[in-house]
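Have a look at the structure below before the remarks.
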Amino acid sequence: MSSVLVLNGPNLNLLGTRQPEVYGSVTLADIEGLCRSHAAQIGLTVETMQSNHEGALIDAIHAARGTHAGLVINAGAYTHTSIAIMDAVASVELPTVEVHLSNIHAREPFRHRSYLASVAIGQIAGFGATSYTLALDALAAHLGVGA
Ligand code: CA2
């Protein structure tokens, strides 16, 4: 069965504890559980990882090569700043879906730029936790899993 790495970046460990008006009330554990159960329904397995550290995220992306068939990444604020994460995604040559809970294009201008977008197969933003299940669906379709 194809395995997907679901990576979450800085501050996403705080989900459900602060700013519910922006990010909703679901916790990261809720999202990871949702990803696991949805993946099982569509013929994928999921591994999850969260870090507040850019280098740790890059190490996880490098380690995904040869282990996972694709990536789902919410890089948090690193989305808008990190050429290093963009380069890591490009280097592993794994199909990657960029996800965001909020609609980054309807927020402050500095959130409109995504360095990841140019190396991802696509971006899903604005659907809360559902962004993640939509990303898994898109990756499954791209991989031809469950077709
Ligand atoms: O909408 C998203 O998923 C974001 O990636 C979330 C990032 C933000 O910097 C991006 O522009 C869009 C921030 C995650 C911070 O999460 C928090 C959760 C609860 C309390 C505080 C921060």
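The values are calculated or read from the model by the stated rules, or taken from the named source; none is laboratory data. Here the structure is a predicted model, which means the values were calculated and not measured. All Cβ positions, even for glycine, are placed from backbone atoms using ideal geometry, and neighbour counts span all protein chains on display. Remember, those area values only see protein heavy atoms, side chains included, never the ligands or the DNA or RNA. Shrake-Rupley method; radii C 1.70, N 1.55, O 1.52, S 1.80 Å.
Here are the numbers for this structure:
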| quantity | calculated |
| --- | --- |
| Between the range 61-77 and the range 14-41, the alpha-carbon center distance in angstrom | 18 Å |
| Accessible surface, 1.4 Å probe, highest first, among residues R113, R107 | R113, R107 |
| Apportionment of accessible area to carbon and sulfur, the chain, percent (1.4 Å) | 54 percent |
| Dipole moment magnitude, nearest 20 debye, the chain about Cα centre, only Lys, Arg, Asp, Glu C-beta charged | 160 debye |
| Cα principal axis extents for the range 41-108, largest first, Å | 37, 30, 20 |
| Placed amide H near E47: partners under 5 Å, 5+ positions off or other chain | V4, L5, V6 |
| Surface accessible to a 1.4 Å probe, R36 within the full protein complex, Å² | 110 Å² |
| Relative compactness, the chain, computed as alpha-carbon Rg over 2.2 N^0.38 Å | 0.95 |
